[in-house]
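The values are calculated or read from the model by the stated rules, or taken from the named source; none is laboratory data. The structure displayed is predicted, hence computed values, not measured ones. Ideal geometry is used to build each Cβ from the backbone, glycine not excepted, and the neighbour counts take in all protein chains shown. We work out accessible area using only protein heavy atoms, side chains counted, and drop any ligands, DNA or RNA first. Shrake-Rupley method; radii C 1.70, N 1.55, O 1.52, S 1.80 Å.
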Amino acid sequence: MQFKYGKKDKLKSKKLIEQLFSEGKSVTAYPLKLIYLKTEFEDDSILKTGVSVSKRIHKTAVARNRIKRLLREAYRLNKPHYFNNSSTSYAFMILYLSKDGTTFDDIDNKMKLLFEKFLNKTSKDEENPT
């Protein structure tokens, strides 16, 4: 898996996003929240990811877009380390929950923590299906 976040890796389907929010599970490493759903894609992608920042909390588009850029970059850089050997397909939505602005280092560290929590939770779910 390469350090790319191309068109095929982006979550764009409205139906899938609605399904993700209604049926998906989540993990949180404040200020980030990952909502995920195990699914299959027609284009043989392993992961499709979207990022979101609340308009209610961050009023200006400039602030929202900056945080979304930082989220996508942290995801792009960490994806190969955590999902290189993954064979299961997931849809992800990464939400930014804090009212404060942030730096790339903060987001990068929290993204790593978030992915570790996700991998721990999914490995436990696979061991003990209910």
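For segment 7-78, just run the numbers: alpha carbon Rg, then divide by 2.2 N^0.38 Å, N being how many residues it has. Spell out each step's value before the answer.
On the way: Rg = 13.1 Å, N = 72, 2.2 N^0.38 = 11.2 Å.
Working it through for segment 7-78, the quotient is 1.17.
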Query raised in the report: R0 = 25 Å: FRET efficiency of ASN84 with GLN19, Cβ-based, nearest 0.05?
Result: 0.45
Report task. State the number of lysine pairs found in segment 13-85 whose Cα atoms come within less than 22 Å, restricting to pairs 8 or more positions apart or on distinct chains. Result -> 29
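How much FRET efficiency would the formula 1/(1 + (r/R0)^6) give for LYS38 and ASN109, where r is the Cβ-Cβ distance and R0 is 22 Å, rounded to 0.05?
Working: r = 26 Å, r/R0 = 1.20.
Calculated value: 0.25.
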Query raised in the report: PRE reach from THR28 (point 7 Å along Cα→Cβ): which of segment 37-58 fall under 11 Å by backbone N?
Result: none
Query raised in the report: When the chain is fully extended, how far beyond the present Cα-Cα distance does SER54 get from ASN120, taking 0.36 nm per residue of separation?
Result: 21.0 nm
Report task. Leaving ligands, DNA and RNA out of it, report the carbon-plus-sulfur percent of the accessible area of segment 1-120 at a 1.4 Å probe. Result -> 48
